[in-house]
Amino acid sequence: MEILFDTATALCRLRKAFQMLRSEGISAHMRLPDRTVPMVMAPKPLVFVTLEDELAFARTGTLPVQFVDTFGDDAGCRALGDMARIILEMHGLTVEWGGNFEKPLMVLA
């Protein structure tokens, strides 16, 4: 695997952002095995990164941060995405997201 981006700092910031999300009552996890696991384990709002996406981050320079609110309506899902984006940016991460709750937030290296 060829490393093109130095992502260590971004991953450290992401961990701290996930700690803050957890302190706000959001379930936040890194290195989930795949995207299907959250559908089973999401009794409350969930923000997560898959192991595969984290490993690819060094090559691609982009890290999808997924989010799921199984009990929310469209506005609740969008609010969760906005909250996650704000917290990621508060921790010094560059995030792209167009507000579509069906698409992940994209952290850029």
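The values are calculated or read from the model by the stated rules, or taken from the named source; none is laboratory data. All figures in this text were calculated on a predicted structure; none of them were measured in a lab. Positions of Cβ are generated from backbone atoms using ideal geometry, with glycine treated the same way; all protein chains shown enter the neighbour counts. All accessible areas refer to the heavy atoms of the entire protein, side chains included, with ligands and DNA or RNA removed. Shrake-Rupley method; radii C 1.70, N 1.55, O 1.52, S 1.80 Å.
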- Task: Assess whether Thr70 counts as being at pLDDT 95 or above, open to solvent by 30 Å² or more (accessible area, probe 1.4 Å) and of a type outside the set (D, E, K, R).
- Result: no
- Considering only residues of segment 76-109 that are hydrophobic (A, V, I, L, M, F, W, C), at pLDDT below 95 and open to solvent by 50 Å² or more (accessible area, probe 1.4 Å), which is nearest to Ala8 (Cα to Cα)? Ala109
- Out of all the residues in segment 63-91, which are touching a Leu at 6+ places or on another chain (Cβ under 6 Å) and not in a helix (DSSP H, G or I)? Val65, Phe67, Val68, Asp69
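Just give me the residues in segment 92-109 being part of a loop (DSSP other than H, G, I, E, B) and among the hydrophobic types (A, V, I, L, M, F, W, C), in sequence order.
Leu93, Trp97, Phe101, Ala109
Could you go through segment 32-42 and let me know if any residue there is surrounded by fewer than 18 Cβ atoms within 10 Å (Cβ to Cβ) and modelled with pLDDT of 95 or more. Working first, answer last.
Our first condition is that a residue be surrounded by fewer than 18 Cβ atoms within 10 Å (Cβ to Cβ); within segment 32-42, this holds for 33-37, 39-42.
Restricting the remaining residues to those that are modelled with pLDDT of 95 or more gives none.
No: zero hits.
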